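Asker: Here's a structure for you.
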Amino acid sequence: MIDVAGVTAIDVHVHTERTRDGHDPMPPELRAAAARYFRSDEPLPTVDDVAAYYRERNMAAVVFTVDWESRSGIPPIPNEEIAEAAAANPDVLIPFASVDPARPDAVQRARRLIAEHGVKGFKFHPNLQEFFPNDRVVYPLYEAIAEAGLPALFHTGHSGIGTGLPGGGGFHLKYSNPMCLDDVAADLPELEIVLAHPSFPWQDEAISVCLHKANVWIDLSGWSPKYFSPQLIQYANSQLSKKVLFGSDFPLITPDRWLADFVQAPFKEEVRPLILKENAARLLRLG
């Protein structure tokens, strides 16, 4: 169980990038392009590495992989491996699952991961998984998540995956427009939705959706706070102060780098603890 009072922060956006036996589900050319884009030379962590890294920093981490096997043809890191490690490290890890919406048994997989493995939420990446989040074909999967009272976290905005490659690696940014999630939030008000990342180039749209829909949140991962738009900081300091979450995007952006830049960014002092852990504790029902 996470000791909310004891940890310094809750990072809601952390990736495990290889299995315990060394399998990396990301094609090498995409891995290299992302490293160039983020200027990252961090080693690829297993879920056990994530636990050790965050325990050393006295932080909790929401950890996940991305399942896009239907398109990539590469098996993902098993959700079960992540859940098993989280069960062994409950003081530091909060396991989210990833289920490719294109899987014919997606709903059954989600229900099993909830019932048998205790996952605490789900991660979607519309660019990689190549779907519009408001496609009603996916709604039964969302409904299973909502029935369990769990949140769904969606990549939004620009994607570092494919950046700088011919054709962006074949990925389409249109899938990550946060306005698609306005439909989902309206149609399924019982589903808590997290818009991951400052949603460039649709930041104003993301702010509007989060303002309008009580069940929508924003995580600040994937960007250094020194690059946040003035609008994002303005609303985080005011009307969205209780709906904005700390996320790093580790290992591509480390929490050390993110937090160092957060100190220098013009957030109000009374808002900082909300962003760093109090909002996440409320969303994740950590007590």
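Asker: Exactly one of (1) within 16 Å of the chain's Cα centre (by Cα); (2) farther than 22 Å from residue 281 by Cβ is unmet by residue 229. Its number?
Answerer: Of everything listed in (1) within 16 Å of the chain's Cα centre (by Cα); (2) farther than 22 Å from residue 281 by Cβ, residue 229 misses just condition (1).
Asker: Separate question: Out of the residues in region 161-173 that are touching a residue at least 12 places away in the same chain (Cβ under 8 Å) and open to solvent by 10 Å² or more (accessible area, probe 1.4 Å), which is nearest to residue 64 (Cα to Cα)?
Answerer: Step by step, filter region 161-173, then rank; the result is 161.
Rundown of residues vs (1) farther than 17 Å from residue 127 by Cβ; (2) open to solvent by less than 10 Å² (accessible area, probe 1.4 Å); (3) at pLDDT below 95, yes/no style:
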residue	(1), (2), (3)
182	yes, no, no
187	yes, no, no
190	yes, no, no
199	no, yes, no
214	yes, no, no
225	yes, yes, no
228	yes, no, no
233	yes, no, no
236	yes, yes, no
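Asker: Can you tell me which condition residue 92 does not meet? The list is (1) surrounded by fewer than 19 Cβ atoms within 10 Å (Cβ to Cβ); (2) touching a strand residue (DSSP E or B) at 6+ places or on another chain (Cβ under 6 Å), and all the others hold.
Answerer: With respect to (1) surrounded by fewer than 19 Cβ atoms within 10 Å (Cβ to Cβ); (2) touching a strand residue (DSSP E or B) at 6+ places or on another chain (Cβ under 6 Å), residue 92 is out only on (1).
Asker: I would also like to ask the following. Kindly evaluate residue 157 against the criterion of being in contact (Cβ under 8 Å) with a residue 40 or more places away in the chain, part of a loop (DSSP other than H, G, I, E, B) and either touching a Ser or Thr at 6+ places or on another chain (Cβ under 8 Å) or within 16 Å of residue 195 (Cβ to Cβ) (or both). Explain how you work it out, then say what you get.
Answerer: Details: in contact (Cβ under 8 Å) with a residue 40 or more places away in the chain: yes; part of a loop (DSSP other than H, G, I, E, B): yes; either touching a Ser or Thr at 6+ places or on another chain (Cβ under 8 Å) or within 16 Å of residue 195 (Cβ to Cβ) (or both): yes.
Yes; evaluated as a whole, the condition is true for this residue.
Asker: Can you pull out the residues in region 84-105 that are charged (D, E, K, R), free of Cβ contacts under 8 Å to residues at least 60 places away in the same chain and more than 24 Å from residue 27 (Cβ to Cβ)?
Answerer: Once the filter is applied, which keeps residues that are charged (D, E, K, R), free of Cβ contacts under 8 Å to residues at least 60 places away in the same chain and more than 24 Å from residue 27 (Cβ to Cβ), region 84-105 yields 84, 105.
Asker: Then there is this: Do you know which residues across region 72-83 are free of Cβ contacts under 8 Å to residues at least 12 places away in the same chain and either in a helix (DSSP H, G or I) or among the charged types (D, E, K, R) (or both)?
Answerer: none
Asker: Now for a separate question. Scan region 141-157 for residues that are on the phi < 0 side of the Ramachandran plot and either of a type in the set (Gly, Ala, Ser) or surrounded by fewer than 20 Cβ atoms within 10 Å (Cβ to Cβ) (or both) and report the count.
Answerer: Residues in region 141-157 being on the phi < 0 side of the Ramachandran plot and either of a type in the set (Gly, Ala, Ser) or surrounded by fewer than 20 Cβ atoms within 10 Å (Cβ to Cβ) (or both): 6 in total.
Asker: Evaluate the following for residue 195: is it open to solvent by less than 30 Å² (accessible area, probe 1.4 Å) and not in a helix (DSSP H, G or I)? Talk me through it step by step, then tell me what you get.
Answerer: Numbers: open to solvent by less than 30 Å² (accessible area, probe 1.4 Å): yes; not in a helix (DSSP H, G or I): yes.
Spelling it out, residue 195 is indeed open to solvent by less than 30 Å² (accessible area, probe 1.4 Å) and not in a helix (DSSP H, G or I).
Asker: Being among the acidic types (Asp, Glu), out of contact with any Lys or Arg (no Cβ under 9 Å at 6 or more places or on another chain) and either surrounded by 20 or more Cβ atoms within 10 Å (Cβ to Cβ) or under 29 Å from residue 31 (Cα atoms) (or both) narrows it down to one of 261, 249, 256, so name that one.
Answerer: 249
Asker: Output the residues belonging to region 39-63 that are more than 19 Å from residue 25 (Cα to Cα) and in contact (Cβ under 8 Å) with a residue 12 or more places away in the chain.
Answerer: Across region 39-63, the qualifying residues are 51, 53, 54, 55, 57, 58, 59, 60, 61, 62.
Asker: Let me ask something additional. Of all the residues that make up region 84-106, how many are assigned to a loop (DSSP other than H, G, I, E, B) and farther than 28 Å from residue 169 by Cβ?
Answerer: Initially, region 84-106 is screened for residues assigned to a loop (DSSP other than H, G, I, E, B), giving 89-92, 96, 98-105.
Those still in the list that are farther than 28 Å from residue 169 by Cβ too: 89-92.
Adding up the residues that qualify gives 4.
The values are calculated or read from the model by the stated rules, or taken from the named source; none is laboratory data. Not measured: the values here are computed from a predicted model. All Cβ positions, glycine included, derive from the backbone under ideal geometry; neighbour counts span all protein chains shown. Only protein heavy atoms, including side chains, enter the accessible area calculation; ligands, DNA and RNA are left aside. Shrake-Rupley method; radii C 1.70, N 1.55, O 1.52, S 1.80 Å.
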